[in-house]
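Read the structure below first, then the notes.
Bear in mind that the values in this text are calculations on the coordinates, not laboratory data. All figures in this text were calculated on a predicted structure; none of them were measured in a lab. Positions of Cβ are backbone-derived with ideal geometry, glycine not excepted, and every protein chain shown enters the neighbour counts.
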Amino acid sequence: MNLNDLLHDIHILEDEIRMYERKYAMLSDVFYEAYRNGEEPPDDAWVRDWTAWASGYEVLQGFRDQYRAAIARLQAEHQSINNVMTRTARREVVFVPA
């Protein structure tokens with residue numbers, strides 16, 4: 001996987017999650033904490049949304065963690081943020097270190 005693909009996936013999930021935030025007028029971190037504490041939707045029609053929202057939020061957090069770890073590894077390889085940004089702005093493929 002490369003940095004551009006990972007960032008693209010993050011943006012796709014953020015867009016999906018924003019849809020739920022707008023629909024329910026609730027920030028995802030607030031919703032997710034309540035969901036993890038066992039709160040259930042008051043309307044059965046919302047179950048599918050809540051499940052998708054919670055799982056999407058979990059995946060998004062995993063992608064963000066993966067992105068931060070990749071940047072940290074690149075910096076450990078003595079690549080500055082400026083170097084990485086220059087490469088990605090030029091559409092060079094920056095592979096995520098394993």
| request: Determine Rg/Rh for the chain; Rg is computed over alpha-carbon atoms and Rh is the Kirkwood hydrodynamic estimate from the same atoms. | output: 1.11
| message | Could you compute the longest span of the chain free of trypsin sites (Lys or Arg not before Pro) located in DSSP loops and having at most 15 other Cβ atoms within 10 Å, not counting the site residues? | response | 1-89
| task | Quote the convex hull volume per residue of the stretch 8-54, based on C-alpha atoms, as a whole number of Å³. | result | 71 Å³
| task | Answer with one residue from 83, 6, 54: the one whose Cα lies farthest towards the positive end of the charge dipole of the chain, charges on Cβ with Lys, Arg +1 and Asp, Glu -1. | result | 83
| remark: Computed ³J(HN,Hα) along the stretch 57-74: with the Karplus parameters 6.51/-1.76/1.60, θ = phi - 60°, integer Hz and x for glycine or proline, the list is 5, 4, 5, 4, 4, x, 5, 5, 4, 5, 5, 4, 5, 5, 5, 4, 5, 5
| For the stretch 63-98 versus the stretch 26-57, the gap between their alpha-carbon centres in whole angstrom | 33 Å
| query | If you keep only loop residues by DSSP, which GluC sites (Glu not before Pro) in the stretch 12-61 have at most 12 other Cβ atoms within 10 Å of their Cβ? | reply | 39
